[in-house]
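Values in this text are rule-based calculations from the coordinates and carry no lab data. Predicted model only: the values in this text are computed from it and were never measured. We place every Cβ from the backbone using ideal geometry, glycine too, and count neighbours over all the protein chains shown.
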Amino acid sequence: MKRSRVHIKDYTIGWVCALPIELAAAQEILDKEHSDLQQDRNDTNLYTLGRIGEHNVVIACLPTGQTGTNSATSVAAQIRSKFVSIQFGLIVGIGGGVPSVKSKLRLGNVVISQPYIQHGGVVQYDLGKTRAGGYFTRTGSLNTPPTVLLSALSKLQSNHHRGRSSISTYLSSIYRLPKFLRNGAGSDILFKSTYNHIEGPTCDRCSRDRAVARAVRKVTVHYGTIASGNQVIKDRDRISSELSGILCFKMEAAGLINSFPCLVVQAICDYADSHKNKRWQPYAAATAAACAKELLSVIPSAKVAETSTMRSSKDTTGAQIKNTSENKGNFANQAGQQITQGDVTINQRVFQCSTY
Ligand SMILES: [Zn+2]
């Protein structure tokens with residue numbers, strides 16, 4: 001790939017990954033890779049610079065082994081400090097899915113965080129107070145993405161309703177590397193939630209009799225709530241139930257969302273249960289990167305220039321969490337509406353309020 005040099009002020013999109021396999025997929029999805037800039041002494045991020053469509057994009061990955069919300073916050077702060085024209089960000093990668101009858105999630109499917117009422121699209125599941133009887137009450141909410149990204153979500157969904165999607169095309173460019181091929185991931189098996197993994201690196205010893213019977217589905221894009229936090233997920237379905245339905249988990253998202261106005265684009269690499277392993281990670285990383293590229297493709301560069309930068313955006317300079325009493329009240333219930341067009345299925349989740 002021929003590299004060119006672009007001025008630091010011309011970069012307007014931040015793209016954050018947590019894992020090297022996510023970074024590799026992001027690098028492969030670039031239309032053009034730019035030359036590196038001189039490294040600042042106090043900047044511990046290492047950037048990949050490039051172009052996607054009309055946008056100059058800064059890609060940064062969390063340091064190896066330093067996953068979690070604090071590491072993510074630090075990476076975002078350094079991007080904001082160095083790239084003064086950044087308008088918004090995307091958190092792109094892989095996460096554990098929460099399968100349900102309504103969501104019909106499959107491995108390799110993509111989830112995009114979508115706000116509803118006081119939800120910003122991402123909920124921190126481990127922030128709150130434990131009350132008498134062990135009842136846990138969440139006490140904060142995370143920022144809503146900037147309007148330009150929400151407009152982009154509308155247009156993206158509209159395009160999908162019309163059968164227009166480039167995800168398969170974008171995926172084909174990553175497939176030059178066999179590691180990312182769907183065929184390398186193996187079978188998509190969801191075991192019943194009461195059936196624990198039989199010890200071993202894969203599920204070869206687990207009983208297929210305990211698998212949930214499901215139809216094979218193509219790449220699907222879902223819109224809804226993503227749960228984030230630092231605590232180990234011990235009971236996927238209980239957390240989802242307490243939050244009135246979530247689509248997936250992404251540990252680092254809560255660390256970025258309030259300091260880095262952004263959307264989360266996550267592909268499902270496991271089902272956040274005892275059976276999880278890494279076999280689906282490369283393919284899932286590829287589908288997430290392809291979907292993020294398609295999201296950027298519906299945002300004209302002029303539209304980006306009209307929005308405020310992250311530095312000047314009022315809603316990005318506040319505290320990490322808004323601890324307000326009104327945030328305790330309503331969380332989302334969900335009802336699903338699903339449309340299949342060509343190679344891409346759209347799972348549009350419509351949210352309604354309930355009190356918890
Ligand atoms: Zn297993």
Give the residues of region 43-62 whose amide nitrogen is closer than 15 Å to a point set 7 Å from the Cα of residue 7 in the direction of its Cβ. 56
Convex hull volume per residue in cubic angstrom - Cα atoms of region 202-264: 160
Would you grab the residues whose amide H sits under 5 Å from the one on residue 248? Only those 5+ places off in sequence or on another chain, please, with H modelled 1.01 Å from N. 98, 227
Ranking request for peptides 8-20, 163-175: highest mean number of other beta-carbon atoms within 10 Å first, then the rest in descending order. 8-20, 163-175
Quick one: if you stick a label point 7 Å off each Cα along the C-beta vector at residue 173 and residue 101, how many nm between them? 4.2
Sequence-distant or interchain residues sharing an amide H contact under 5 Å with residue 88, placed H: which? 14
Förster radius 35 Å - calculated FRET efficiency between residue 214 and residue 44 (Cβ-Cβ, nearest 0.05): 0.20
Find how much the distance from residue 234 to residue 31 grows on full extension, using 0.36 nm per residue of separation minus their present alpha carbon separation; answer in nm with one decimal. 69.1 nm
Whole-Hz couplings from phi, Karplus 6.51/-1.76/1.60, listed for region 82-99; x for Gly and Pro: 8, 9, 6, 9, 4, 9, 6, x, 10, 9, 10, x, 10, x, x, x, 10, x
Can you tell me which of 219-225, 206-212, 77-83 comes out highest on packing, and rank the rest after it, using the mean Cβ neighbours within 10 Å? 219-225, 77-83, 206-212
